[in-house]
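For reference, the structure discussed in these notes is given below.
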Amino acid sequence: MKRKQALGLILFSILAFGCSSPYGLEEGEGAAPGQDGGFNGYGDGATYGNNNSFGRGGAGTGDYYNDPQYGVNVVGGPQSADKDRIIYFSYDSSAIDSRSEAVIREHAKYLRAHPQTRVVLEGHTDERGTREYNIGLGERRAYSVKERFVAAGISPQQMRVLSYGEERPAAFGSSEEDYAKNRRAVIVY
């Protein structure tokens with residue numbers, strides 16, 4: 001009987017808190033980017049990740065994007081078009097090709113003109129390789145982009161590097177086409 005009461009209380013709490021506005025906001029108002037991420041990432045990680053380090057990573061990510069200088073999408077800059085924020089890489093490589101150089105130049109021009117703007121450089125990989133190796137490769141990819149930005153005159157303080165490895169695929173599947181879509185660095189404003 002006590003189990004049923006406890007379960008009922010938990011379900012009621014979830015429903016009551018799930019229907020309320022976060023942080024006392026009314027309908028139509030928004031919270032700062034990432035404000036809910038830490039709480040949601042930790043809760044989802046504990047639920048779905050069985051309290052392992054992979055699941056709890058969402059808490060750090062949410063807190064990371066809660067930094068007011070990151071996660072802002074300024075309308076009108078090169079960040080407006082998703083396809084122009086992605087740098088693709090060859091298999092097991094962090095070398096930047098000529099097409100990607102052009103994308104980086106456009107973003108560098110914008111960042112030089114807007115030195116208050118901050119970006120996060122996310123590194124991603126396909127699912128091949130160990131988790132640890134892919135985190136390292138994703139980091140090398142993000143740092144390759146950062147190095148090009150620094151060479152173009154962008155302050156290192158305008159950028160943060162973050163590697164997701166294989167954890168956030170752009171394409172689900174195991175074809176070479178899917179793998180190619182996942183080998184990337186993303187410039188996030």
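Could you state, as a whole-number percent, how many of the C-alpha pairs of segment 81-163 are farther apart than 18 Å? Intermediate results must be reported in sequence, preceding the final value.
On the way: 1369 of 3403 pairs.
For segment 81-163, the fraction of Cα-Cα distances above 18 Å is 40 percent.
Excluding residue 158 itself, what net charge comes from residues whose Cβ is under 12 Å from its Cβ, given Lys and Arg +1 and Asp and Glu -1? Around residue 158, the surrounding residues sum to +4.
The gain in end-to-end length when the residue 147 to residue 84 segment is fully stretched comes to 20.9 nm, 0.36 nm per residue minus the alpha carbon separation.
Per-residue extension of 0.36 nm, minus the Cα-Cα distance of residue 174 and residue 97, leaves a gain of 25.3 nm for this segment. Summing charges over neighbours of residue 139, with a neighbour being any other residue whose Cβ is under 12 Å away from its Cβ, gives +2 when K and R count +1 and D and E count -1.
FYI, it's all coordinate maths here, none of it is from the lab. Model, not experiment: these values are computed from the prediction. Neighbour counts run over all protein chains shown; Cβ positions are idealised from the backbone, glycine included.
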